[in-house]
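I have a structure here, written as structure tokens, and I will follow up with some questions on it.
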Amino acid sequence: MQMSLPCVKQPDVITCKAAVAWGAGKPLVIEEVNVNPPQAMEIRIKVVCTSLCRSDITAWESQAIFPRIFGHEATGIVESVGQGVTEFTEGDHVLTVFIGECGKCRQCTSVSSFSEYTVVHSGCAVKISSVVPLEKVCLLSCGVAAGLGAAWNVADISNGSSVVIFGLGTVGLSVAQGAKLRGASQIIGVDTNPEKGENAKAFGITAFINPHDSKDPIQQVIKNLTGGGADYSFECIGDTGMVTTALQACCDGWGLTVTLGVPKVKPEVTAHYGIFLTGRTLKGSLFGGWKPKSDLPSLVDMYTKKEIQVDEYITHNLPFEDVNKAFNLMREGKCLRCVIHMAK
């Protein structure tokens, strides 16, 4: 007797709301989009919360291909899974990540989170505990993790060292937190926004410099403060000209500069070869050197044990329909992280 296999219902196309960018710098338009079912090795996620990253602003203002749905720093719940996916099941809580870790290929990336639903490769999501607050840990899918990793993995900051950080947004302040936890004795923050100086102390900044308040070049001011230059320097602005300044602010012999920012213009870095002959090193950092699936669960665990700060970076909580307000707040330098809540 021939047995018939049970019919497995395939996921349907979902019609949902998304914030669509139609042009550089133009307000996002919330409209209906169709989200296809997940294909092989993909999962479809119901986005719960997503936070606005500075790199979204940079791409929106200049380099993106339009129309486009931005967003990558998100948490959500798996709604359906595609063929071949064994790591996830419906109902799993996940972080989305812009760097994939499928365990087989060298690299894979995919995510758009300014939508009520999104489809990503299963390598671009990390399963997390269902008890951690999704509206908080979404920051670990990009900015906070990138800063901590730059301090710990890329620079490997040593106890008692001196550190200077150019740009005190979420990434820069996460570098500061990482430096503090590693025991750095001097953590200097540099930013042109005077309001950031006082708030930065909560994340480990021991001295704040506004370049507009100094007559001397900022690298000279830092050398004076550190007795010859910082052991570690971090460029977290996205200004390739500032990379040179960060290099000059490092000490001779072993000074290390790490660049994390995404440049808006002029992607080329220019520096005199003499800087490197003196023993300084320049390193790039992508997502802080973390392997998302392998490493992010440990960061989430550190958060639940209150070993790292995450909540403190959230300055605004906004409903999805106010996504343009989030963009304006970040453009004006009035926020660290805006968490956008997708459901009412």
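The values are calculated or read from the model by the stated rules, or taken from the named source; none is laboratory data. Everything numeric here is computed off the predicted structure, so don't read it as measured data. FYI the Cβ positions are ideal-geometry reconstructions off the backbone, even for glycines, and counts take in every protein chain you see. Surface accessibility is based on the protein's heavy atoms, side chains included, excluding ligands, DNA and RNA. Shrake-Rupley method; radii C 1.70, N 1.55, O 1.52, S 1.80 Å.
What percentage of the solvent-accessible surface of the range 110-266, computed with a 1.4 Å probe over protein heavy atoms, is contributed by carbon and sulfur atoms? Working shown, then result.
On the way: 2790 of 5620 Å².
Here it works out to 50 percent.
Say we join alpha carbon atoms closer than 10 Å with springs in a Gaussian network model of the chain; which of Val33, Val269, Val323 then has the biggest fluctuation?
Val269
Would you mind pulling out the separation of the Cα centroids of the range 237-303 and the range 149-188, in Å?
Result: 12 Å between the Cα centres.
Plugging the Kirkwood radius over Cα pairs into Stokes-Einstein for the range 209-300, at a temperature of 10 °C and a viscosity of 1.306 mPa s, what D comes out in µm²/s? Walk me through the intermediate numbers first.
Working: Rh = 14.3 Å.
Calculated translational D: 111 µm²/s.
Moving on to the next point. Taking the Cα centre of the chain as the origin, how large is its charge dipole in debye, to the nearest 20, when only Lys and Arg (+1) and Asp and Glu (-1) carry charge on their Cβ atoms? Walk me through the numbers on the way to the answer.
Details: 30 positive and 33 negative charges, 57 e Å.
Result for the chain is approximately 280 debye, rounded to the nearest 20.
Moving on to the next point. Say each of Glu198 and Thr15 gets a label point 7 Å from the Cα, pointing the same way as Cα to Cβ; how far apart are those two points in nm?
Spacing of the two 7 Å Cα→Cβ label points: 5.1 nm.
Something else: Given a 1.4 Å probe and heavy atoms of the protein chains only, how would you sort Tyr313, Tyr232, largest accessible area at the top?
Working: Tyr313 0, Tyr232 30 Å².
Reading off the accessible areas and sorting them downward yields Tyr232, Tyr313.
Over all directions, how big on average is the projection of the convex hull of the alpha-carbon atoms in the chain, in square nanometres? Intermediate results must be reported in sequence, preceding the final value.
On the way: hull surface 78.4 nm².
With every direction weighted equally, the projected area is 19.6 nm².
For Trp22, Trp290, Trp254, write out the residues from largest to smallest accessible area, computed with a 1.4 angstrom probe and no ligands counted. Before the final figure, lay out each step's value.
On the way: Trp22 135, Trp290 35, Trp254 170 Å².
Descending order: Trp254, Trp22, Trp290.
Pop the C-beta distance of Asn317 and Tyr273 into the FRET formula with R0 = 51 Å and round what comes out to the nearest 0.05.
Once the sixth-power term is evaluated, E becomes 0.60.
Let me ask something additional. Suppose all protein chains stay in the model; what accessible area per residue would a 1.4 Å probe give for the range 281-336, in Å²? Intermediate results must be reported in sequence, preceding the final value.
Values: 2860 Å² over 56 residues.
The answer is 51 Å² per residue.
Per residue, how much space in cubic angstrom lies within the convex hull of the C-alpha atoms of the range 150-226? Working shown, then result.
Values: hull volume 5.9 nm³, N = 77.
Convex hull of Cα atoms, per residue: 76 Å³.
I'd like the orientation of helix 292-304 relative to the chain: the angle between its Cα long axis and the longest Cα principal axis, in ° from 0 to 90, rounded to 10.
Helix 292-304 and the main axis of the chain meet at about 80 degrees.
Express the relative contact order of the range 117-195 as a whole percentage, based on alpha carbon pairs under 8 Å and six or more residues apart in sequence.
Numbers: 86 pairs, mean separation 23.1, N = 79.
Averaging sequence separation for qualifying contacts and normalising by length gives 29 percent for the range 117-195.
Which trypsin sites (Lys or Arg not before Pro) in the range 123-217 sit in a loop by DSSP (not H, G, I, E or B) and have at most 16 other Cβ atoms within 10 Å of their own Cβ? Provide the component values of the computation, followed by the final result.
Numbers: sites: Lys127, Lys136, Lys180, Arg182, Lys196, Lys201, Lys215; in loops: Arg182, Lys215.
For trypsin sites (Lys or Arg not before Pro) across the range 123-217 that sit outside H, G, I, E and B with at most 16 neighbouring Cβ atoms in 10 Å, the list reads Lys215.
Run the dipole for the range 171-300 about the Cα centre, Lys and Arg Cβ at +1, Asp and Glu Cβ at -1, nothing else charged, and hand back the magnitude in debye, nearest 20. Walk me through the numbers on the way to the answer.
Values: 12 positive and 11 negative charges, 69 e Å.
Here the size comes out at about 340 debye.
Can you give the net charge of the other residues whose Cβ lies under 15 Å from the Cβ of Val29, counting K and R as +1 and D and E as -1? Working shown, then result.
Details: positive: Lys17, Lys26, Arg68, Lys325; negative: Glu31, Glu32, Glu116, Glu321, Asp322.
So the environment of Val29 carries a net charge of -1.
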